[in-house]
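This report concerns only the one structure given below.
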Amino acid sequence: MKLVIVIPAFNEATVIEDVIKKLPKKIDGIDSIVPVIVDDGSSDGTYDIAKNSTQHVIKHLVNLGVGAATTTGFEAAKKIGADIIVTLDADGQHNPEDVAELIKPILENRADVTIGTRMLNSKGMPKLKIFGNWVMNALTFLIFHKWVTDSQSGMRAFSKNAMKKMSFHSIGYEICSETIGEIKRNRLKLAEVPIEVIYTDYSKITGQSWLNGINILTKMISIKLSGKK
Amino acid sequence: MIIISAKIIAVLVGLTVISKSYHDLKKHYESLVMFLFWLFTWSAIIAATILPDVFLRLADKVSKNGIGVGTFAGIAFIFLLFITYRVYTKANRLEKKLHDMVMKLGLKEIEKEE
């Protein structure tokens, strides 16, 4: 069983090495763990630093967005022969130790997709962020008719079966909500796993702005109107 | 004061767009037809801002010929919405093509390694 951890990164030179180093080396039920870093057109040397730390580093020639980088990561994972794909944020806000719990429902055939939810253990999370997340959850539910407690979480796991069925068209952050739509459209089994979030000064700066929320909303409507879901 | 500020802003925006369009024409990023289109459009906007009386008189004349200012504004609004829609769909298509291209190039490294 091969686990591929996809990390989309944009200008994360200060933390990317640490994030790669902290990735789990061994998980029960998994034979090999392969990190795939997708540098989304960084200008701060993220690619070189990541390349010195791990084998599979993909470079986007221009900055497109987290959705595009994640989709590229998925394609790379498929080529590598992934049985399970996990996505993590590159800013170090996710605890790599949570990966084992995140993939458990997939290993036990209880789920096709799992979402690491920050909302079931939101201790330490800024109040504004909690409010923003609930707003995005509500909007995601309204548009894609599927309720999840953390629609914007970047920590997710996908089975091979799920990856075969899902298709993504998002370029930016709207990929988080599009994934929920894809789960609903393909009638995939979903499990939510509580995760710990490490809020450092750095990860707080790199978070999404409320303006991005508006952008995500318009893109979600566009995806819905395109007739895919 | 507000009217004067609005006039200044309109003139500045207009001149910026015309100079940008001229710059793009010189660099062969834009065609002559496109440059003339923007030149005419923004010159008209600047003129309408500076000389509103002339345009009001013109609107009166047009109204007498059977087309009201409201109808004209409605047609202009629909035209603007159409342009917005075209730009939006084109940008989306280009974004998708760009992503496919960037992804293919990026994945070549993985293919070499595997």
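Looking only at residues of the stretch A:42-97 that are of a type in the set (Ser, Thr, Tyr) and closer than 26 Å to A:ILE216 by Cα, we find that the one that is nearest to the other protein chains (Cβ to nearest Cβ) is A:THR72.
For the stretch A:25-41, state whether one or more residues are in contact with a Pro (Cβ under 8 Å, 6 or more places away or on another chain), surrounded by fewer than 24 Cβ atoms within 10 Å (Cβ to Cβ) and closer than 22 Å to A:VAL99 by Cβ. The answer is yes; a qualifying residue exists. Of the residues in the stretch B:54-77, at least one is free of Cβ contacts under 8 Å to residues at least 24 places away in the same chain and closer than 27 Å to A:ASN215 by Cβ. The criterion of being touching a Ser or Thr at 6+ places or on another chain (Cβ under 6 Å) and in contact (Cβ under 8 Å) with a residue 24 or more places away in the chain does not hold for A:ARG110. Pull up the stretch A:57-93, narrow it to residues that are under 22 Å from A:ILE195 (Cα atoms) and touching an Asp or Glu at 6+ places or on another chain (Cβ under 8 Å), then point me to the one that is surrounded by the most Cβ atoms within 10 Å (Cβ to Cβ). So, considering only residues that are under 22 Å from A:ILE195 (Cα atoms) and touching an Asp or Glu at 6+ places or on another chain (Cβ under 8 Å), the one surrounded by the most Cβ atoms within 10 Å (Cβ to Cβ) is A:ALA90.
Among the residues of the stretch A:68-105, how many are part of a helix (DSSP H, G or I), in contact (Cβ under 8 Å) with a residue 60 or more places away in the chain and over 14 Å from the mean Cα position of the chain (by Cα)? So the answer is 7.
Looking only at residues in the stretch B:60-97 that are of a type in the set (Gly, Ala, Ser) and under 23 Å from the mean Cα position of the chain (by Cα), the one that is modelled with the highest pLDDT is B:ALA91. Is it the case, given these coordinates, that A:THR54 is farther than 23 Å from A:GLU174 by Cα and modelled with pLDDT under 95? The answer is yes for A:THR54.
The set of residues from the stretch A:15-51 being touching a His at 6+ places or on another chain (Cβ under 7 Å) and not in a strand (DSSP E or B) comprises just one member, A:GLY41.
The rows are residues; the columns are (1) closer than 30 Å to B:ARG93 by Cβ; (2) acidic (Asp, Glu); (3) surrounded by fewer than 16 Cβ atoms within 10 Å (Cβ to Cβ); (4) at pLDDT below 90.
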site	(1), (2), (3), (4)
A:MET119	no, no, no, yes
A:MET125	no, no, yes, yes
A:ASN137	no, no, no, no
A:MET163	yes, no, no, no
A:GLU182	yes, yes, no, no
A:LEU190	no, no, no, no
A:ILE195	no, no, no, no
A:TYR202	no, no, yes, yes
A:ILE216	yes, no, no, yes
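Evaluated against (1) away from chain A (no Cβ under 14 Å); (2) modelled with pLDDT of 80 or more, B:GLY106 falls short on exactly one condition, (1). Every condition in (1) in contact (Cβ under 8 Å) with a residue 24 or more places away in the chain; (2) more than 27 Å from A:ILE20 (Cα to Cα) holds for A:PHE141 except the one numbered (1).
The values are calculated or read from the model by the stated rules, or taken from the named source; none is laboratory data. Everything numeric here is computed off the predicted structure, so don't read it as measured data. All Cβ positions, glycine included, derive from the backbone under ideal geometry; neighbour counts span all protein chains shown.
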